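The values are calculated or read from the model by the stated rules, or taken from the named source; none is laboratory data. All of these numbers come straight from a predicted model, not from anything done at the bench. Ideal geometry is used to build each Cβ from the backbone, glycine not excepted, and the neighbour counts take in all protein chains shown.
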């Protein structure tokens, strides 16, 4: 079983770390691939791919079952999730269970993605949301079969949709960058990431 957790990680923060730990607990027999985007189609990154990858590797160092996968950084052009899933299928075969993990906000906007109608035949979908959060599922995802049993995803390769309630960590990459721009010294990021940001003077001009 391969679990995919992607994002800009601009920068990686404590909320990301908690999400990854939650995925490791939920899917104990899986490899969790943490995938930094290269050129996200819907947003711009302020730090370079090299810096974001270096920070992510530092943050995930020693984390059991977790690998930082640079698959999207190795491609030119925008980071389309469908292309990433196709690459995983080529590597692991059609029978391997692939679980695409998305935050509730991203899942709600999936109908704006490139070729979203192909997602269900390529992977399962695990929507990460807070317990009190209401998620509207776009019609394009209606080809998924909903399940309350995440363990069922290990039995087949794709086509299931499930929700995973995650801790509410009030932190975002935008918020971290705003704190840095204000020259705040206490940041909601791992200590090694705070040091990396200071050493390379990242996000100094964020407004």
Discussion item. With the structure loaded, tell me whether residue 178 is farther than 19 Å from residue 24 by Cβ and part of a helix (DSSP H, G or I) or whether it fails that test.
Written reply: yes
Worksheet item: Going through segment 181-193 one residue at a time, which ones are surrounded by fewer than 19 Cβ atoms within 10 Å (Cβ to Cβ), assigned to a helix (DSSP H, G or I) and touching a helix residue (DSSP H, G or I) at 6+ places or on another chain (Cβ under 9 Å)?
Response: 192
Response to the item:
Taking segment 139-166 and keeping only residues that are in contact with a helix residue (DSSP H, G or I) (Cβ under 7 Å, 6 or more places away or on another chain) and surrounded by 15 or more Cβ atoms within 10 Å (Cβ to Cβ), one is left with 140, 141, 144, 150, 158, 159, 160, 161, 162, 164, 166
Discussion item. Within segment 110-128, does at least one residue satisfy the condition of being under 30 Å from residue 53 (Cβ atoms), touching a residue at least 60 places away in the same chain (Cβ under 8 Å) and in a strand (DSSP E or B)?
Written reply: yes
Fill in: Subset of segment 55-85 (residues that are more than 27 Å from residue 194 (Cα to Cα) and either under 12 Å from the mean Cα position of the chain (by Cα) or loosely packed, with under 15 Cβ neighbours inside 10 Å (or both))
76, 77, 78, 81
Practice prompt. May I ask you to say which residue of 74, 105, 132 is at pLDDT below 90, under 30 Å from residue 191 (Cβ atoms) and in a loop (DSSP other than H, G, I, E, B)?
Written response: 74
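Okay, residues lined up against (1) within 22 Å of residue 165 (Cα to Cα); (2) in contact with a strand residue (DSSP E or B) (Cβ under 9 Å, 6 or more places away or on another chain); (3) in contact (Cβ under 8 Å) with a residue 24 or more places away in the chain; (4) in a helix (DSSP H, G or I):
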residue: 12; (1), (2), (3), (4): yes, yes, yes, no
residue: 34; (1), (2), (3), (4): yes, yes, yes, no
residue: 57; (1), (2), (3), (4): no, yes, no, yes
residue: 84; (1), (2), (3), (4): no, yes, yes, yes
Worksheet item: Can residue 38 be described as over 19 Å from residue 123 (Cα atoms), touching a helix residue (DSSP H, G or I) at 6+ places or on another chain (Cβ under 9 Å) and surrounded by 18 or more Cβ atoms within 10 Å (Cβ to Cβ)?
Response: yes
Worksheet item: Taking the stated definitions as given, is residue 172 surrounded by fewer than 20 Cβ atoms within 10 Å (Cβ to Cβ) and either under 23 Å from residue 4 (Cβ atoms) or touching a residue at least 24 places away in the same chain (Cβ under 8 Å) (or both)?
Response: yes
Fill in: Pick from segment 36-55, criterion more than 30 Å from residue 149 (Cα to Cα) and in contact with a strand residue (DSSP E or B) (Cβ under 8 Å, 6 or more places away or on another chain), ranking: modelled with the lowest pLDDT
49
